[in-house]
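Take a look at the structure set out below.
Just so it is clear, none of the values below were taken in a lab; they were calculated from the coordinates. Worth saying up front: this structure is predicted, and the values here are computed from it rather than measured. Here Cβ is always computed from backbone atoms with ideal geometry, including for glycine, and neighbour counts include all displayed protein chains.
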Amino acid sequence: MAVLALVVLALLLFMSERIHLKTSSFLVLTILAVGFELFPYQVDGKILHAVDFFSGFGHEALVAVCALMIAGQALVRTGALEPVGRILSRLWRVSPNLSLLLTLLAGAILSAFVNNTPIVVLLLPILISVSLRTKTQASKILMPMGLATLAGGMSTTIGTSTNLLVVSVAADMGMRRIGLFDFVLPAVVAGGIGIVYLWLLAPRLLPVREPLLTDTSPRIFTAHLHIPEGSFCDGKTLSQAISKTDGAMKVNRIRRGHDSVILPLPDMKLRAGDRLRVDDTPERLKGYETDLGATLYSGGTQVDEEHPLTAEEQQIAEVAVLQGSPLVGETLRSIGFLEQYQLVTLALHRAGLTLVTLRSRVEDVVLRMGDVLLVQGSREHISLLKRRGELLVLDATSDLPRTAKAPLALGIMAGIVLMAALGILPIAISAVSGVLLMILTRCLRWHDATRSLSTSVIMVVVASLGLGAAMSKTGGAQYLAEFYVALTHGASPAVVLSGLILLMAMLTNVVSNNAAAVIGTPIAVNIAGQLGVSPEPFVLGVLFGVNMSYATPMAYQTNLLVMNAGGYTFGDFVRVGTPLTLLMWLAFSWLLPALYGL
């Protein structure tokens with residue numbers, strides 16, 4: 001009962017947005033360990049040691065998940081998937097409707113072997129760019145693309161970390177280890193139905209949405225403040241001049257005479273004729289002009305009604321914060337974003353958060369994965385930002401990354417899959433070996449490898465494995481299985497399985513799908529034992545159910561990226577994702593009983 005109560009607490013914590021997912025996971029894991037240490041529990045006459053719950057950190061499934069995350073990052077860094085993007089981009093010019101179908105199929109197929117986050121990262125800027133060229137609405141195609149990658153990810157054991165967890169936990173409970181392609185048939189049939197829905201019906205259900213950051217924020221302009229003789233600044237120090245603007249003005253450089261450029265040190269004295277270079281909004285620049293008694297110039301021309309401010313060679317770009325980015329958990333001020341990237345941040349959008357446009361507020365907001373920043377800078381600096389791969393540039397103003405290592409990275413990834421598919425090496429070993437090859441061949445640096453690991457994913461996996469083990473050892477999973485079988489008394493195994501799939505699909509849209517998978521798998525095995533049938537279809541029912549993260553934006557990380565890029569609302573996901581969930585549920589409720597003779 002205590003373990004089941006902790007499971008309920010864990011699910012509530014995982015649903016909360018106020019507490020970090022990794023903090024919630026760490027809390028659950030600690031309570032689990034301390035509880036069993038203070039109140040020892042015997043299993044088959046042996047004490048269940050609390051330290052056993054930390055074994056999740058060395059679990060085969062977690063090793064495989066981490067190795068595949070790193071391998072996927074190498075594909076992004078080297079641009080190995082870029083040829084797919086270029087082909088799709090060219091096809092969109094010929095037939096947008098057919099190209100949408102091919103894009104959905106490509107996203108789904110790639111996601112069967114690579115985590116879908118880099119796939120979405122690849123396709124988002126391409127689809128936004130083609131929507132501008134073909135005058136189609138980006139909001140009609142971005143969500144179908146994102147959901148198609150989720151549908152494709154359930155096709156193999158390595159498609160998602162969730163699949164690996166379900167297969168590993170079931171194997172730990174004595175079930176035969178499910179192979180890489182053992183459930184590809186039902187996944188492809190149901191996924192095909194889902195793709196047709198996303199191609200033909202989903203765009204019609206989606207309203208026209210404008211990206212939330214487009215043209216919503218003041219632009220930053222570079223201008224010079226000329227200090228006239230006898231003005232406030234004449235003879236004052238730079239710090240005194242800045243104080244006059246309440247500390248708001250930031251001076252980049254000071255030009256004195258024709259050729260002299262002076263560093264803007266706080267104690268230097270300003271003279272008549274000095275020109276202060278300042279980057280700011282038009283309103284603030286005009287305010288500085290008034291406060292300091294200076295004259296505002298831009299491009300050598302005095303700024304007035306006939307000669308407004310101009311920002312030559314400047315571009316506006318929307319960039320999304322990705323998993324593994326150095327910005328996650330930091331503020332723009334703390335990492336020196338302006339100095340490091342030479343880009344000015346105009347605005348920030350976060351799902352559920354009012355648009356932040358004041359620069360002083362943007363700099364102090366702690367960033368999360370999925371946040372979208374509106375930045376301004378030179379074409380060169382925006383292109384450099386995209387090549388670095390630490391943020392996702394959504395406007396596709398520059399070429400996708402491509403390096404000479406791309407074919408090598410793609411070949412190593414293919415080797416990882418092939419070794420596991422042929423049964424030569426377990427996926428955990430083949431993935432680790434592949435990562436080593438990528439590092440040795442310089443497809444990936446250690447710096448990038450460590451950044452690609454998600455602390456939240458690791459902690460959720462470990463905490464969930466601990467909860468799953470505790471449920472199995474204490475009989476909690478058997479108790480829930482008995483309760484579920486009693487609740488569905490008189491129903492056929494096929495109906496019981498269908499109900500389990502629907503239950504998992506509902507759960508995965510409000511809590512972490514990894515948590516739902518590890519908690520649901522022991523229950524599924526015990527339900528099959530109660531009914532006296534093979535546990536495999538019930539384990540697969542859990543696997544497919546927890547992958548149906550379609551109906552809410554917080555159900556999966558790529559949903560948040562797509563939500564911000566397309567300007568979607570929570571209701572848009574419910575409107576499109578709920579019918580897709582029902583379609584997939586009905587398909588699997590028919591396919592699994594038919595294939596396994598239930």
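Observations on the model:
- Between the beta carbons of S378 and L440, assuming R0 = 41 Å, the FRET efficiency works out to 0.65 to the nearest 0.05.
- Neighbour counts of C-beta atoms inside 10 Å place K250, K405, K386 in the sequence K250, K405, K386, starting with the fewest.
- Label-to-label distance, nm, for residues given as T569 and T290 (7 Å Cα→Cβ offset): 3.8
- Dipole in debye (nearest 20) - the chain, about Cα centre, beta carbon charges: Lys, Arg +1; Asp, Glu -1: 820
- For the chain, adding -39500 (n - 2.57) for each run of n ≥ 4 DSSP H residues and dividing by the number of residues yields -17500 deg cm²/dmol at 222 nm.
- Highest mean packing first, where packing is the average number of other Cβ atoms within 10 Å per residue, the peptides 22-31, 176-185 line up as 22-31, 176-185.
- The residue list M459, G411, P593 was ranked by how far each Cα lies along the charge dipole of the chain toward its positive end, using unit charges on Cβ atoms, and G411 comes out on top.
- Anisotropy class of segment 1-82 from Cα gyration tensor, a/c 1.5 cut: oblate
- Neighbour counting of Cβ atoms within 10 Å sorts the residues V539, V518, fewest neighbours leading, into V539, V518.
- Förster radius 30 Å - calculated FRET efficiency between V196 and A414 (Cβ-Cβ, nearest 0.05): 0.55
- Principal-axis tilt of helix 379-388 within the chain, Cα atoms, nearest 10 degrees: 30
- Rounded tilt (10° steps) of 96-111 against the dominant C-alpha axis of the chain: 60
- Gain on full stretching of the segment that runs from A171 to R333 - 0.36 nm per residue minus C-alpha separation: 53.6 nm
- Label selected from (i) 174; (ii) 159; (iii) 352, the criterion being volume of the Cα convex hull per residue in Å³ as computed here: (i)
- Look at the Cα gyration tensor of segment 221-302: its axes a ≥ b ≥ c give a/c under 1.5, and that counts as rounded.
- Extending 7 Å from the Cα toward the beta-carbon at both F181 and Q240 defines two label points whose distance is 8.0 nm.
- Above-threshold pairs, the threshold being 23 Å between Cα atoms, out of K22/K405; K22/K140; K46/K473: K22/K405; K22/K140
- Counting only residues at least eight positions apart within a chain, or on another chain, the lysines with an alpha carbon under 20 Å from that of K269 are K236, K244, K250.
- In degrees, nearest ten, helix 427-440 long axis to first principal axis of the chain (Cα): 30
- Counted by neighbouring Cβ atoms within 10 Å, the residues F538, F570, F36 run from fewest to most as F570, F36, F538.
- Residue (of I158, G336, T488) at the positive-pole extreme of the chain, dipole from beta-carbon charges: I158
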